[in-house]
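Enquirer: Quick one: structure below, then a few questions.
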Amino acid sequence: MITSSRLDPPVLVQPHARPSRPPALVPCWYIACASDTLRRGGVIRFDLGGEPIVLFRGRDTGVVRALPAHCLHQGVDLAHGDVVGDCLRCPLHHWEYGDRCERIPGVEGMPVRGRKPRFTTAERFGMVFLHPGSDPAGPPPGFSVADSELYVVPGRPVEIDCPWYVPVANAFDMTHLETVHRRKLASAPVITNPDPLSFNVRYSTRVIGDGWSDRTMRFLSGDEIRVNVTCAGGTMVVVESLVGRRRGFLMVSLRPTRTGVSIVPFFGVPRTATGSHLLSARVSAMLFSAFLRRDVKPLRGIRFPANYVDGRDSTIDACYRFLCQLPEHQQEEIA
Ligand code: FES
Ligand SMILES: [Fe+2]
């Protein structure tokens, strides 16, 4: 006898239904701070997705390491610790940490020696980057030119009460270019996915605003601004622009925090033999900052509806779908 179930068409089971929102924390690089704000022997504290973390720079090698902020012993906040050699020493019973616990006074043979580091750190462009987990897919993102060709200035971090992915999606919101930034699209956006963890859009605009930054941009651009924006890994937005003959570079990290998102930008311009990059970097940083400031007010407190789809802006829709399919960070098993 043939049972009816054997005649039923096969049911296609989606191993992972598409979530209606992006993950709370994606395994991606985040900018922690400018390198020169963390000197040898220095310790800073911040949070990643609500988890308190300490970063410290070793006195001997100058290497930066990151740890969960609370001592494994009795939970002291390690931001109060001292950097001894290349380790961070808890002030209470002097357990010492590298990127894991390395020494307990009076204990031979460390019981926690086998643990994997919880975070990976790297320095690039004069910024300290942090990645959750011990095995990033690659280094922190860069630009289409060699790092050594760029002169970089850090921007001022901004905290906003909204989910991390909203400012990312905003970078691909073509409609608000006109209403918020006073730029009109001059060419249709071209969307590509260079790899499964990257989303790229190229477009050009002209300036229609009349503020000081608009007039400056109109003057510099000859009325065409070409923009190439990439979301790298989810929480890094990498922008390259061509304003007249001037190339500008911007990278923004969107780090989820307990209360919202911390937005950390830095700006770059090509180095020149004459040293003119020193001035053009300031001008570029000022213009990019003026551009980004316009987003802050509308994004404060914003909450995208579940299953958000714009329907009239295929670029932000594609970006949001990209963000929703990103992997969630899984804390690694302790080895
Ligand atoms: S609480 Fe840190 S060593 Fe005891
Ligand atoms: Fe914007």
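Any read-out appearing in this document is the output of simple, stated calculations on the displayed coordinates, not a laboratory observation. This one's a predicted model, so the numbers in the text were calculated from it and none came from an experiment. FYI the Cβ positions are ideal-geometry reconstructions off the backbone, even for glycines, and counts take in every protein chain you see.
Enquirer: Only one of (1) free of Cβ contacts under 8 Å to residues at least 24 places away in the same chain; (2) more than 21 Å from the chain's Cα centre (by Cα); (3) over 26 Å from Gln331 (Cα atoms) is not met by Arg89, so which one is it?
Expert: Unmet for Arg89, out of (1) free of Cβ contacts under 8 Å to residues at least 24 places away in the same chain; (2) more than 21 Å from the chain's Cα centre (by Cα); (3) over 26 Å from Gln331 (Cα atoms): (3).
Enquirer: Sort out for me the strands (runs of 3 or more DSSP E) sitting completely within the stretch 146-212 that have 3 or more residues that are of a type in the set (Val, Ile, Thr) and away from ligand 1 (no atom under 16 Å from the Cβ).
Expert: So the answer is 183-192, 198-207.
Enquirer: Shifting gears a bit: If a residue must be within 12 Å of Arg118 (Cα to Cα) and in contact with a helix residue (DSSP H, G or I) (Cβ under 7 Å, 6 or more places away or on another chain), how many such residues does the stretch 40-66 contain?
Expert: 1
This table checks each residue for (1) of a type in the set (Ser, Thr, Tyr); (2) surrounded by 12 or more Cβ atoms within 10 Å (Cβ to Cβ); (3) not in a helix (DSSP H, G or I).
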position: Leu279; (1), (2), (3): no, no, no
position: Arg282; (1), (2), (3): no, yes, no
position: Ser289; (1), (2), (3): yes, yes, no
position: Cys319; (1), (2), (3): no, yes, no
position: Phe322; (1), (2), (3): no, yes, no
position: Pro327; (1), (2), (3): no, yes, yes
position: Gln330; (1), (2), (3): no, no, yes
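Enquirer: Here's another thing I want to ask about it. Does the stretch 130-142 contain at least one residue that is touching a residue at least 60 places away in the same chain (Cβ under 8 Å), assigned to a loop (DSSP other than H, G, I, E, B) and farther than 19 Å from Trp29 by Cβ?
Expert: No, the stretch 130-142 contains no residue that is touching a residue at least 60 places away in the same chain (Cβ under 8 Å), assigned to a loop (DSSP other than H, G, I, E, B) and farther than 19 Å from Trp29 by Cβ.
Enquirer: Going by the conditions given, is Leu88 within 12 Å of ligand 1 (Cβ to nearest atom), among the hydrophobic types (A, V, I, L, M, F, W, C) and assigned to a loop (DSSP other than H, G, I, E, B)?
Expert: The answer is no for Leu88.
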